[in-house]
């Protein structure tokens with residue numbers, strides 16, 4: 001079994017952060033640890049008990065570089081010349097995102113979860129909800145399992161603007177699978193992640209009717 005932090009369920013749930021700056025770019029990630037995390041992800045609830053997903057894991061440096069180039073191109077177009085007040089939360093998040101875009105190729109493992117169905121703009125909302133409702137719990141479980149094993153990741157989607165190009169590069173059957181995101185995976189520099197500052201849950205709850 002891989003090395004664990006020994007956190008409680010609540011601690012894992014509340015301290016699993018999007019990790020960008022604190023990804024260790026120098027430490028390799030063993031395949032057996034990734035497989036262990038995916039085994040845990042496969043215990044997540046899934047509609048019709050179908051597990052309609054696959055996991056594309058990219059270790060090859062050239063392919064990671066190609067993915068990073070696509071991501072950086074889309075990130076630059078998305079972020080533009082955004083400027084935020086120095087030291088503000090927005091600025092910290094922005095600088096973290098910039099750091100990931102500049103170093104994505106160096107992250108030792110990229111993971112692309114795949115939904116075994118083609119989702120596009122014409123897919124009915126009911127079918128999308130059913131399909132995404134199957135893979136999203138698995139992906140979150142994967143991230144929680146990473147956290148407990150001293151690894152981290154961030155859920156990114158910018159490469160999806162070039163989903164077909166990425167599918168062709170990796171040999172993914174485009175008509176049969178939809179990419180759910182791109183997850184850079186690495187051991188974290190330190191494990192002392194804390195609860196994030198969030199508004200109280202009561203601000204987001206409506207009881208029985210919208211009012």
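Applying a threshold of 7 Å to beta carbon distances and a minimum spacing of six or more residues, or different chains, the list of pairs starting in the range 107-132 at a residue that is under 30 Å from residue 25 (Cβ atoms) and ending at one that is at pLDDT below 90 and surrounded by fewer than 20 Cβ atoms within 10 Å (Cβ to Cβ) reads 115/52. Each residue in the range 130-158 was checked for being farther than 15 Å from residue 57 by Cβ and under 15 Å from the mean Cα position of the chain (by Cα), and 14 pass. Just give me the residues in the range 1-25 being within 30 Å of residue 65 (Cβ to Cβ) and within 20 Å of the chain's Cα centre (by Cα), in sequence order. Hits for the range 1-25 are 16, 17, 18, 19, 20, 21, 22, 23, 24, 25.
Candidates 93, 107, 111, 98: the one that is surrounded by 12 or more Cβ atoms within 10 Å (Cβ to Cβ), under 14 Å from residue 178 (Cα atoms) and under 18 Å from the mean Cα position of the chain (by Cα) is 111. Scoring residue 209 on the criteria (1) in contact with a helix residue (DSSP H, G or I) (Cβ under 9 Å, 6 or more places away or on another chain); (2) more than 21 Å from residue 28 (Cβ to Cβ); (3) modelled with pLDDT of 95 or more; (4) in a loop (DSSP other than H, G, I, E, B) leaves a single failure, condition (1). Within the range 172-211, being on the phi > 0 side of the Ramachandran plot and touching a strand residue (DSSP E or B) at 6+ places or on another chain (Cβ under 9 Å) holds for one residue alone: 181. Please go through the range 153-166 and pick out each residue that is touching a strand residue (DSSP E or B) at 6+ places or on another chain (Cβ under 9 Å), part of a helix (DSSP H, G or I) and either surrounded by 20 or more Cβ atoms within 10 Å (Cβ to Cβ) or in contact (Cβ under 8 Å) with a residue 40 or more places away in the chain (or both). Correct list: 158, 159, 166. Here residue 84 fulfils each of the conditions (1) farther than 30 Å from residue 176 by Cβ; (2) at pLDDT 95 or above apart from (2). Within the group 7, 34, which residue is touching a residue at least 24 places away in the same chain (Cβ under 8 Å), out of contact with any strand residue (DSSP E or B) (no Cβ under 9 Å at 6 or more places or on another chain) and either assigned to a helix (DSSP H, G or I) or surrounded by 15 or more Cβ atoms within 10 Å (Cβ to Cβ) (or both)? Criteria check complete, one pass: 7.
Only residues that are assigned to a helix (DSSP H, G or I) and either out of contact with any helix residue (DSSP H, G or I) (no Cβ under 6 Å at 6 or more places or on another chain) or in contact (Cβ under 8 Å) with a residue 40 or more places away in the chain (or both) were counted in the range 52-78, giving 16.
Has the range 173-185 got at least one residue that is within 16 Å of the chain's Cα centre (by Cα) and more than 23 Å from residue 102 (Cβ to Cβ)?
Yes - at least one qualifying residue is present in the range 173-185.
For residues that are in a helix (DSSP H, G or I) and closer than 14 Å to residue 68 by Cβ, tally how many sit in the range 86-114.
Applying the first criterion (in a helix (DSSP H, G or I)) to the range 86-114 yields 89-106.
Pick out the ones that are also closer than 14 Å to residue 68 by Cβ and you get 97-106.
Total satisfying the criteria: 10.
Of these, 143, 169, which one is surrounded by 13 or more Cβ atoms within 10 Å (Cβ to Cβ) and farther than 18 Å from residue 29 by Cα?
Details: 143 fails: farther than 18 Å from residue 29 by Cα.
The conditions single out 169.
The values are calculated or read from the model by the stated rules, or taken from the named source; none is laboratory data. Note that the structure is a prediction, hence the values are computed from the model and not measured. Ideal geometry is used to build each Cβ from the backbone, glycine not excepted, and the neighbour counts take in all protein chains shown.
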